[in-house]
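**Student:** Pasting a structure here, questions to come.
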Amino acid sequence: MTFDNQTPFHAAITGIGMVSAAGIGVTQAWERIRLGESTAADTVPELAGTRADFGCVVPRFNPAQLIGRRKAWRLDRSSQFALVAAAEALIDCGLDTTTWDAARVGVVLGCGIGGAATWEKQHHILLEDGFERVSPMLIPMLAVNMSAGYIAMETGARGPNFVVATACAAGTSAIGQARELLRNRVCDVVITGGTEACLIPSIVSGFSQMGALSRRRADPGAASRPFDTDRDGFVPAEGAAILILENVADAQARHTSVYARVSGYGASADAYHATAPDPEGFGAELAIRAALRDAGLSADDVTHVNAHGTSTPLNDLAEARVIRRVLGVKPAVTSVKGVIGHALGAAGAIEAAATALSIQHQQIPATANLETLDPAIELDVVTRAPRKAKIDVAISNSFGFGGQNAVLAFTAAGS
């Protein structure tokens, strides 16, 4: 591993919680992600009658059972996901929320759209039944910041509390900002990640109308196919992932296990187009190079890339170009969106969790549905089966509408 003259700052990932179409809980989700098993449902009841009526839904999610009926009815589905994932992550890391220094515990989440399902439902009520029937909980249920707020209420965390809204880069941006709170000694612990729940007619129809979604309605399970020559758009998804970040020294003092370390963060803007990526990936390149520079790493150190890999023709090609230009053909590349679809503001957090798990298990997940690699994509993309590999350094890419780019660099705990 090659380091610059700077001293890199490492944030230890000591706990992970996941809620995704691959399952509720890290164990179940990781197994399906690892094997590259698609999770797309043939039809999503809420999307019935729309042109794009399939997606990747969290299976058998029962909020009343998982967080309690009285609490669940007050929360939008996006906040429910966040609470469930946070609870798992906190149990996993072994921290005692009753004894920690609450003022030194922050919450930083990413979310692209917020409580859209609540907003759509209440708008129907307004039109059909009148304003007097609109729920008094509408505003706290739809506001994009509330998922972080509710985690603080649940855990007593009194440190900085905010949500980052950088579209599909939001989860990655949030983790990067969480690490900054640790580096600047504002916090000792940060609960971070992302959440999203907007498999609803208005949002999905909007993506459909702009031509971003796959049209493979006859075979939804094969619709999300990152880097494949027959890819035609992404499959919408929902979910959440929460990571617990701590200072490495604190984790060592607690004798707790560390999945991996967040060692670098880079962000940039394409300054190019509202929805299309810069075809040459110049903005993405800035973010990748910034993340490596922040971590004190060189491009030669990177052995694995968890790609944004949305399965759209433009994004996959642009991302492949920048990976090849900056990192060459050495890194083994995967996209988990072939398994779990595109969870928008939560995608980067889920992929960060997957990257940390890849480092812990020294195994790279298979890219689902990749049958014929696009000949214009000159990368080593893992497909058909997971690959065992020595992973000391990995990066995770996230790019969003508005030209938002965010990249995290991870290192193995023992590096």
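The values are calculated or read from the model by the stated rules, or taken from the named source; none is laboratory data. All figures in this text were calculated on a predicted structure; none of them were measured in a lab. So basically every Cβ, Gly included, is an ideal-geometry build from the backbone, and we count neighbours across all protein chains shown.
**Student:** What tally of residues in region 377-394 results from selecting those that are of a type outside the set (D, E, K, R) and in contact with a helix residue (DSSP H, G or I) (Cβ under 6 Å, 6 or more places away or on another chain)? Talk me through it step by step, then tell me what you get.
**Tutor:** We begin by selecting, within region 377-394, every residue of a type outside the set (D, E, K, R); these are 377, 379, 381-383, 385-386, 389, 391, 393-394.
Next cut, in contact with a helix residue (DSSP H, G or I) (Cβ under 6 Å, 6 or more places away or on another chain) only: 377, 379, 386, 391, 393-394.
Total meeting the criteria: 6.
**Student:** Give the number of residues within region 26-59 that are on the phi > 0 side of the Ramachandran plot and modelled with pLDDT under 95.
**Tutor:** Residues meeting the conditions: 1.
**Student:** Now, a different point. Step by step: first the residues of region 237-259, then only those that are in a strand (DSSP E or B) and not aliphatic (A, V, I, L, M), then the one that is farthest from Asn184 (Cα to Cα). Which residue is that?
**Tutor:** First pass over region 237-259, keeping only residues in a strand (DSSP E or B): 237, 239-247.
This time we only want the ones that are not aliphatic (A, V, I, L, M), so: 239, 246-247.
On the way: Gly239: 30, Glu246: 12, Asn247: 11 Å.
Ranking the candidates gives Gly239 first.
**Student:** What are the residues in region 21-70 that are assigned to a loop (DSSP other than H, G, I, E, B), surrounded by fewer than 20 Cβ atoms within 10 Å (Cβ to Cβ) and within 20 Å of the chain's Cα centre (by Cα), if any?
**Tutor:** Gly25, Glu37, Pro59, Phe61
**Student:** Suppose we keep only residues that are of a type outside the set (A, V, I, L, M) and touching a helix residue (DSSP H, G or I) at 6+ places or on another chain (Cβ under 7 Å) within region 273-297. Which one would you say is nearest to Leu181 (Cα to Cα)?
**Tutor:** Step one: filter region 273-297 for residues of a type outside the set (A, V, I, L, M), giving 273, 275, 277-283, 285, 289, 293-294, 296.
Checking which are touching a helix residue (DSSP H, G or I) at 6+ places or on another chain (Cβ under 7 Å) leaves us with 277-281, 285, 289.
Values: Pro277: 30, Asp278: 31, Pro279: 33, Glu280: 33, Gly281: 29, Glu285: 25, Arg289: 21 Å.
Only one residue tops the list, namely Arg289.
**Student:** Looking at (1) surrounded by fewer than 23 Cβ atoms within 10 Å (Cβ to Cβ); (2) within 16 Å of Ser263 (Cα to Cα); (3) at pLDDT 95 or above, which is the one condition that is false for Leu327?
**Tutor:** For Leu327, the exception is condition (2).
**Student:** Right, here's the next one. For region 260-290, which positions are of a type in the set (D, E, K, R) and part of a strand (DSSP E or B)?
**Tutor:** To start, the set of residues in region 260-290 that are of a type in the set (D, E, K, R) comprises 261, 270, 278, 280, 285, 289.
Within region 260-290, Arg261 is the sole residue that qualifies.
**Student:** Follow-up question, since we're still on this one. Any idea which of Thr312, Thr334, Thr355 is touching a Gly at 6+ places or on another chain (Cβ under 7 Å) and crowded, with 18+ Cβ neighbours inside 10 Å?
**Tutor:** Numbers: Thr334 fails: touching a Gly at 6+ places or on another chain (Cβ under 7 Å); Thr355 fails: touching a Gly at 6+ places or on another chain (Cβ under 7 Å).
Step by step, each of Thr312, Thr334, Thr355 is checked, and only Thr312 is touching a Gly at 6+ places or on another chain (Cβ under 7 Å) and crowded, with 18+ Cβ neighbours inside 10 Å.
**Student:** Report whether or not Gly149 is assigned to a loop (DSSP other than H, G, I, E, B), farther than 17 Å from Met18 by Cα and small (Gly, Ala, Ser). Steps first, answer last, please.
**Tutor:** Values: assigned to a loop (DSSP other than H, G, I, E, B): no; farther than 17 Å from Met18 by Cα: yes; small (Gly, Ala, Ser): yes.
Spelling it out, it is not the case that Gly149 is assigned to a loop (DSSP other than H, G, I, E, B), farther than 17 Å from Met18 by Cα and small (Gly, Ala, Ser).
**Student:** Check region 207-217 and report whether any residue there is more than 22 Å from Ala276 (Cβ to Cβ) and surrounded by fewer than 18 Cβ atoms within 10 Å (Cβ to Cβ). Step through it out loud before you land on a result.
**Tutor:** First, pick out the residues of region 207-217 that are more than 22 Å from Ala276 (Cβ to Cβ): 217.
In the following step, the residues that additionally are surrounded by fewer than 18 Cβ atoms within 10 Å (Cβ to Cβ) were identified as 217.
Looking through region 207-217, at least one residue is more than 22 Å from Ala276 (Cβ to Cβ) and surrounded by fewer than 18 Cβ atoms within 10 Å (Cβ to Cβ).
**Student:** Tell me, which helices (runs of 4 or more DSSP H) lie completely within region 299-415 with 2 or more residues that are within 28 Å of Cys93 (Cβ to Cβ) and touching a residue at least 40 places away in the same chain (Cβ under 8 Å)?
**Tutor:** Numbers: elements: 313-327, 337-340, 347-361.
Fully inside region 299-415 and qualifying: 337-340, 347-361.
**Student:** Could you look through region 99-143, keep only residues that are in a helix (DSSP H, G or I) and among the acidic types (Asp, Glu), and pick out the one that is nearest to the chain's Cα centre (by Cα)? Break it down into steps so the answer makes sense when it comes.
**Tutor:** Initially, region 99-143 is screened for residues in a helix (DSSP H, G or I), giving 102-104, 116-129, 131-133, 138-142.
Still in the running and among the acidic types (Asp, Glu): 120, 128-129, 132.
Numbers: Glu120: 24, Glu128: 36, Asp129: 37, Glu132: 38 Å.
Filtering region 99-143 for residues that are in a helix (DSSP H, G or I) and among the acidic types (Asp, Glu), the one nearest to the chain's Cα centre (by Cα) comes out as Glu120.
**Student:** Taking the stated definitions as given, is Asp96 of a type in the set (Asp, Glu), more than 26 Å from Glu46 (Cα to Cα) and either in contact with a Pro (Cβ under 7 Å, 6 or more places away or on another chain) or part of a loop (DSSP other than H, G, I, E, B) (or both)? I'd like the intermediate steps shown before the answer.
**Tutor:** Working: of a type in the set (Asp, Glu): yes; more than 26 Å from Glu46 (Cα to Cα): yes; either in contact with a Pro (Cβ under 7 Å, 6 or more places away or on another chain) or part of a loop (DSSP other than H, G, I, E, B) (or both): yes.
Answer is yes for this residue.
**Student:** Let me ask something additional. Mind checking which residues of region 197-236 are in a helix (DSSP H, G or I) and of a type in the set (A, V, I, L, M)? Lay out the reasoning, then the answer.
**Tutor:** Looking only at region 197-236, we keep the residues that are in a helix (DSSP H, G or I), and these are 201-209, 220-222.
Those that are in a helix (DSSP H, G or I) and of a type in the set (A, V, I, L, M): Ile203, Val204, Ala222.
**Student:** Another question about this same structure. Report, ordered by the first and then the second residue, all pairs with beta carbons closer than 7 Å, sequence separation of six or more or different chains, a first member in region 276-294 that is under 16 Å from Gly309 (Cβ atoms), and a second member that is of a type outside the set (Gly, Ala, Ser) and in a loop (DSSP other than H, G, I, E, B).
**Tutor:** Pro277/Asp270
**Student:** For the list (1) of a type in the set (S, T, N, Q); (2) out of contact with any Leu (no Cβ under 8 Å at 6 or more places or on another chain); (3) over 23 Å from Val57 (Cα atoms), I need the number of the one condition that Thr367 fails.
**Tutor:** (3)
**Student:** OK, next. Asp301 is checked against (1) more than 16 Å from Ser415 (Cα to Cα); (2) of a type in the set (Asp, Glu); (3) out of contact with any Lys or Arg (no Cβ under 8 Å at 6 or more places or on another chain) and fails just one. What number does that condition carry?
**Tutor:** Here Asp301 clears every test but (1).
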